[in-house]
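Student: Handing you this structure, nothing more for now.
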Amino acid sequence: PESYFSLADGRNGKRPNILSSAVAEMLVQLKNFLNTRAGFILVQILRIGLGLLFVYASLDKIWHPGLFAKAISNYRLLPLPLLQLSAIILPWLELTCGVALILNRYHRAANLLIASLLLIFILAILSAMARGLDFNCGCFGVSGEESNIGLWKIAQNMGLLLSSIMLEFRFRDESQGA
């Protein structure tokens, strides 16, 4: 079957361009590194670290759903019924996925959900910035001081998303018996 490696390096019968060849080479190098002992250790650190981060991020939101609903409303993206539902479900989803990563159970599903959430968070922040909004993001809690939305928050979320992508590379290889 075609994989992201064969499509990018020309094994699908099409001539690769320089950029796709460079990306394919980086992906091969990443895959090779993740299959080493050091790569395995890095993946375990990322898995547990990402899990702990999402558990930590969920707790204040679980304890203060009203304040979290207010934080979500600052983005001006959801109607009231979805806003309230999101304020209740999202922290529990973060907690469940974080625990799954820490315990190494259902880690691929948890990682996929976390990557999806991170992508949604990035898009929500970009949307708010594009509309000139400036407020506390509510990312890691709602009852304390936290930085406002901005490029730094996007960079943080992008770093977490890249970590999640690295985990997926390793998880995919494990599930395929590599």
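The values are calculated or read from the model by the stated rules, or taken from the named source; none is laboratory data. All values derive from a computational prediction rather than experimental measurement. Cβ coordinates were reconstructed from backbone atoms using ideal geometry, including for glycine residues, and neighbour counts include every protein chain displayed. Just the protein is used for accessible areas: all its heavy atoms, side chains included, with ligands, DNA and RNA removed. Shrake-Rupley method; radii C 1.70, N 1.55, O 1.52, S 1.80 Å.
Student: If Lys and Arg each add +1 and Asp and Glu each add -1, what is the summed charge of the other residues whose beta carbon sits under 15 Å from the beta carbon of residue 51?
Tutor: Taking every other residue near residue 51 into account, the sum is +2.
Student: Let me see the P(r) profile for the stretch 25-178: every Cα-Cα distance counted, bins of 5 Å, each bin given as a percent of all pairs.
Tutor: 2, 9, 17, 20, 19, 13, 9, 6, 4, 1
Student: Of 26, 166, which has the most accessible area with a 1.4 Å probe, and how do the rest follow in descending order?
Tutor: Putting 26, 166 in descending order of accessible area: 26, 166.
Student: Could you list log10 I(q)/I(0) for the stretch 52-127 at q = 0.18 Å⁻¹, which the Debye formula gives when each Cα is one point scatterer?
Tutor: -0.73
Student: Which distance in Å, rounded to a whole number, links the C-alpha centroids of the stretch 48-90 and the stretch 111-133?
Tutor: 13 Å
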